[in-house]
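Shown next, in structure tokens, is the structure this report addresses.
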Amino acid sequence: MKEISLNILDITENSVKAKATLTEILLFETDSSLKLIIKDNGFGMSKEVVEGVTNPFYTTRTTRNVGLGLPLLKLAAEQTGGSMSIVSKSIEEYPDTHGTEVTAVFDKKHIDYTPLGDIVSTVITLIQGHPDTDFRFVHTYDDKTVELDTRELRAVLEDVPLNTYEVIVWIGENLREQYNS
């Protein structure tokens, strides 16, 4: 993928499919590194599935026989000298603390570093496509923090769906304003 934000979109879609009610996208950026954490409270994966998901020819999907999201993220991180790890607790084994956490670390100074890309559009796309799922987005860089938590929006908006046009426009403007301030 040409942007890390597209990897984030793909992997976060997996969280939604795993029936996560909350997915967190956390970015910690310095001049030389980017650490990405995507964690959810979805069904989680068994140890066997976790061991197989970074193989590009492994998938739990029935519509096609390959899944590339996690293998591509792992490749993108490792090409920069970074790494990727997955920790997951299945709902069968951990009924109260299930979920998955994917962590990828990138060396931003490496020639093969893939740019972050349009993360604002990624967050908007996730909220617009899954208005009943909660997302928490935090991006820390240059002593700044950009954040959005849909649980806070729900508390203010009450019965207004998050994918309402005016809400989506406001989310985009709010995130862009935080990045530009």
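The values are calculated or read from the model by the stated rules, or taken from the named source; none is laboratory data. Every value quoted in this text rests on a predicted model; they were computed, and no experiment measured them. Please note: Cβ atoms are built from the backbone with ideal geometry, for glycine as well, and neighbour counts cover all protein chains shown. With ligands, DNA and RNA removed, areas are computed over all heavy atoms of the protein, side chains included. Shrake-Rupley method; radii C 1.70, N 1.55, O 1.52, S 1.80 Å.
Under the simplified labelling scheme, the residue 169-residue 35 pair shows an inter-label distance of 3.9 nm, with each label point 7 Å from Cα along Cα→Cβ.
The stretch between residue 68 and residue 111, if pulled fully straight at 0.36 nm per residue, gains 13.2 nm over its current Cα-Cα span. Surface composition of segment 75-171: carbon plus sulfur atoms contribute 50% of the solvent-accessible area (1.4 Å probe, protein chains only, all chains present). If you wrap the tightest convex hull around every Cα atom of segment 108-175 and split its volume per residue, you get 98 Å³. Here segment 7-49 has 55 percent of its accessible surface on carbon and sulfur atoms, given a 1.4 Å probe and all protein chains in place. Normalised per residue, the accessible area of segment 131-181 is 63 Å², obtained with a 1.4 Å probe and no contribution from ligands, DNA or RNA. Using only DSSP helix segments of four residues or longer, with each worth -39500 (n - 2.57), what per-residue ellipticity at 222 nm results for the chain after dividing by its residue count and rounding to 500? -11000 deg cm²/dmol, from helical runs alone.
How big is the Cα convex hull of the chain in projection, averaged over all directions, in nm²?
11.1 nm²
Between the alpha-carbon centres of segment 1-57 and segment 135-181 there is a gap of 20 Å. Annotation: the antiparallel percentage among DSSP beta bridges lying fully within the chain is about 80.
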